[in-house]
Amino acid sequence: DVVMTQTPVSLPVSLGGQASISCRSSQSLVHSNGNTYLHWYLQKPGQSPQLLIYRVSNRFSGVPDRFSGSGSGTDFTLKISRVEPEDLGDYYCLQSTHFPRTFGGGTKLELK
Amino acid sequence: EVQLQESGPGLVKPSQSLSLTCSVTGYSITSNYWGWIRKFPGNKMEWIGHISYSGSTSYNPSLKSRISITRDTSKNQFFLQLNSVTTEDTATYYCARYSSSFDYWGQGVMVTVSS
């Protein structure tokens, strides 16, 4: 299985500040079709995960441009600028290039 | 708008089978892929498997001997059956649509395995 190593586990931030979360995979996430299936999710307390970024850098419908994704191969980053209260929660990366699909361990974004 | 809703028992006894239903509205399950994902206490997330628009399935090898994902296209529903459950299957179970990523999710159903 592809192991997704997500860091940090906990990320204290100030409102209005910036946050950066890393996700590294144990093998390349470039599919044979040339696409890279690395996605980012936010799960707020009591809610289901919501898609933020798909295929590395594409914002899902309705996601503010404060969220941005980047990376390639095995190394990926989610950046959140101007953190707002509704951004707090658990962030996960997911790879769907390889079977079985695998998730990162999660990062809790919380107030400093 | 695509909406998914899980349903099923919240408590299952060890060694019994867990059966969940995902009801989909706003989109036909004869398009795209439809999956099951679970989140364990402690926050680890695991992909369980999916069923495709054509009815073919793919399962996580760690569960393959115990699971079955089926569908009823007339009701626009798909199902998860997990056999021989143990306490380690205690988790919140989600169904979701897969369209190059899991883009729409149900609210989840918490399932506890306990005698």
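Values for this structure:
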read-out: A:HIS39 within 13 Å of chain B (Cβ to nearest Cβ), open to solvent by less than 60 Å² (accessible area, probe 1.4 Å) and either among the charged types (D, E, K, R) or part of a loop (DSSP other than H, G, I, E, B) (or both); value: no
read-out: Test set (1) in a strand (DSSP E or B); (2) under 30 Å from B:ILE51 (Cβ atoms) - A:GLY46 fails condition number; value: (1)
read-out: Every residue from the stretch B:29-48 that is without any contact (Cβ under 8 Å) to a residue 12 or more places away in the chain and open to solvent by 50 Å² or more (accessible area, probe 1.4 Å); value: B:GLY42, B:ASN43, B:LYS44
read-out: Count of the stretch B:67-97 residues which are of a type in the set (Lys, Arg) and crowded, with 17+ Cβ neighbours inside 10 Å; value: 2
read-out: Subset of the stretch B:4-15 [in a loop (DSSP other than H, G, I, E, B) and either surrounded by 15 or more Cβ atoms within 10 Å (Cβ to Cβ) or among the basic types (Lys, Arg) (or both)]; value: B:GLY8, B:LYS13
read-out: Matching residues, the stretch A:1-33, being part of a strand (DSSP E or B), open to solvent by 60 Å² or more (accessible area, probe 1.4 Å) and not charged (D, E, K, R); value: A:THR5, A:THR7, A:PRO12, A:VAL30
read-out: Hits in the stretch A:77-110 - residues which are touching a helix residue (DSSP H, G or I) at 6+ places or on another chain (Cβ under 8 Å) and either within 14 Å of chain B (Cβ to nearest Cβ) or open to solvent by 30 Å² or more (accessible area, probe 1.4 Å) (or both); value: A:LEU109
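The values are calculated or read from the model by the stated rules, or taken from the named source; none is laboratory data. Values in this document were obtained by computation on a predicted structure and should not be read as measured data. Glycine gets a Cβ as well: all are built from the backbone with ideal geometry, and neighbour counts include every protein chain shown. Quick note on the areas: whole protein, heavy atoms, side chains included, nothing else; ligands and nucleic acids left out. Shrake-Rupley method; radii C 1.70, N 1.55, O 1.52, S 1.80 Å.
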